[in-house]
1. Order of 138, 532 from fewest to most other C-beta atoms within 10 Å?
2. Nearest 0.05, what FRET efficiency do residue 393 and residue 560 give at R0 = 35 Å with Cβ-Cβ as r?
3. Measuring from label point to label point, each 7 Å out along Cα→Cβ, what is the residue 668 to residue 500 span in nm?
4. I want to check the label-to-label distance for residue 602 and residue 477. Put each point 7 Å from Cα in the C-beta direction and report it in nm to one decimal.
5. Which translational diffusion coefficient, to the nearest whole µm²/s, is obtained for the range 15-149 from the Stokes-Einstein equation, given a Kirkwood hydrodynamic radius over C-alpha pairs, 25 °C and 0.890 mPa s?
6. D for the range 558-651, whole µm²/s, Stokes-Einstein with Kirkwood Rh over alpha-carbon pairs at 20 °C and 1.002 mPa s: what number?
7. If I stretch the segment between residue 123 and residue 569 completely, what's the gain in nm (0.36 nm per residue apart, minus their alpha carbon distance), one decimal?
8. Report the Cα centroid-to-centroid distance between the range 423-486 and the range 628-681 in angstrom, as an integer.
């Protein structure tokens with residue numbers, strides 16, 4: 001008998017992993033934006049290298065699985081609310097990356113080269129990834145694999161599943177141990193590990209409604225290993241899995257892959273589609289669909305079974321039947337939430353099947369303009385199903401956004417088509433995709449933004465957080481600015497969770513609102529170490545009556561001239577009493593720019609106290625001596641500004657009147673102008 005260790009619990013992603021993924025997303029975007037050697041690119045690569053060093057200080061390897069809108073870190077989905085990581089998943093998914101394996105020892109050059117490859121045109125990268133055209137480079141510590149060979153979600157700590165002698169038997173016994181509830185001290189006999197015995201136990205577990213996680217994961221892991229094996233070993237392993245699954249009841253199949261929360265179910269189902277033999281995938285889809293009340297047409301099931309049979313006869317992974325079935329099954333799993341019980345992947349697969357039956361050639365590639373032709377048909381028939389979404393995807397892939405918008409604008413007789421298309425184009429995923437694809441379609445993006453309402457603000461904010469293009473960010477900010485108070489709560493909710501360079505933009509948008517979201521307090525950012533964040537936070541505060549005085553008080557003492565200038569601008573509309581002292585400190589600080597000190601002196605006209613008057617006279621007149629009375633102080637910008645304030649506020653005071661008389665009789669035009677209360681440039 002063989003002792004089998006229990007499957008360890010998978011911990012959530014650590015802070016080091018999250019930081020690493022964010023740095024990967026930022027660096028990947030910059031590789032697609034800047035040429036090699038650009039300072040912004042060098043900075044992003046350096047930050048990624050530091051994050052990588054921190055990451056591999058706590059682990060030997062990292063397996064990253066790629067789903068449509070999330071990443072799987074050793075099988076655990078990432079946080080679905082992290083827009084940066086979500087965008088990374090979408091970008092990798094468009095390039096049909098199934099997974100990435102990184103191992104300790106990965107160098108900065110390897111990371112930079114891999115990201116440079118990943119930033120290439122999606123279609124070109126897909127072709128190279130699948131072996132067409134120039135092959136992709138290889139690296140000692142990085143593997144990039146397509147979906148059909150994804151082996152990362154359940155990778156071992158030491159780097160994954162190795163094909164050493166006895167590995168298949170060990171995996172099979174681990175499956176048996178999971179089924180029989182035998183942990184690290186348990187032992188599984190050869191008899192207990194027979195497929196019929198395991199099937200009987202799994203059927204019983206389903207009836208008892210016990211946890212299915214370990215059993216489902218081990219079955220996926222075994223199937224994945226079998227797909228990577230060759231020759232007799234592969235046939236034997238697939239035969240075992242096929243024998244086991246064929247004896248499972250529909251209830252047990254549902255229990256294995258659908259008895260969890262929605263996200264876990266989707267992840268495990270996707271892994272099963274990639275890993276299990278093709279004929280078992282069909283049965284799994286049928287059972288999962290029934291358990292989720294998601295109907296798959298009988299005709300579709302028959303077609304899937306037919307394709308599975310063709311793939312089984314060929315006996316090789318990667319054939320037309322094998323690849324198309326798994327791709328279609330994976331898309332069906334991704335779209336369980338569609339209201340239409342027959343998602344667009346059904347129609348696509350049937351089309352591919354008909355071509356496969358007739359010509360026996362490799363898979364078809366969408367022709368240039370195919371999406372436009374499909375959309376024209378949709379508009380003519382006022383269609384509103386998934387075929388419309390498919391046509392939109394084809395046009396976006398071909399970078400035909402402007403023709404798409406032109407077509408929608410000239411379709412008054414197709415309200416259903418237009419409504420569906422505009423709702424899809426306004427979704428966060430599509431907005432991120434259009435705005436972050438480099439080089440950006442400036443005309444199409446501007447038109448799309450003009451048609452985007454507050455419902456699309458989330459997608460615009462995602463793109464704003466990721467984009468490195470100043471032009472793109474400007475387009476986004478201009479559109480967000482006109483949405484007004486309706487998006488205020490969304491801005492306030494995102495503010496604490498974004499980097500400082502996004503915080504300043506969100507604060508700038510909040511500063512334009514007449515009424516701030518309930519409970520929002522910009523004071524938390526008014527002393528931020530980054531000056532642009534402070535500036536925007538104080539800009540918010542000076543526009544709020546209850547916070548205005550405190551904002552001016554803080555701004556006048558700031559170390560940055562831009563923030564001080566903001567405080568002076570605000571104080572021009574009313575100088576708070578508590579700010580007078582700070583105004584004096586500013587004036588007396590010779591290190592401050594002259595322009596700021598002159599503006600501060602003129603603001604003293606709003607504080608007509610004896611102390612202020614005496615302070616101004618000291619800057620205008622010299623002290624009386626034994627033989628002569630006070631004279632005008634040497635002319636300077638500060639002296640002229642003080643004389644101007646005296647001329648405006650204290651003309652009748654004896655000493656001030658004396659100073660003004662001396663200035664008027666001096667024959668100096670600037671002194672005379674200042675004495676009359678006029679500002680001297």
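1. Values: 138 8, 532 18.
Ordered from fewest to most neighbouring Cβ atoms within 10 Å, 138, 532 come out as 138, 532.
2. After rounding to 0.05, the efficiency reads 0.15.
3. Rounded to a tenth, the inter-label distance reads 4.4 nm.
4. The two pseudo-label positions are separated by 2.7 nm.
5. Value of D from the Cα-based Kirkwood radius: 165 µm²/s.
6. Values: Rh = 14.0 Å.
This corresponds to a translational diffusion coefficient of 153 µm²/s.
7. On the way: separation 446, 0.36 × 446 = 160.56 nm, distance 5.29 nm.
That pair, residue 123 and residue 569, stretches by 155.3 nm at full extension.
8. 56 Å
Read-outs throughout are calculated quantities, based only on the coordinates presented, and are distinct from any laboratory measurement. None of the values given here were measured: they were computed from a predicted structure. Reconstructed Cβ throughout: ideal geometry from the backbone, glycine too, with neighbour counts over all protein chains shown.
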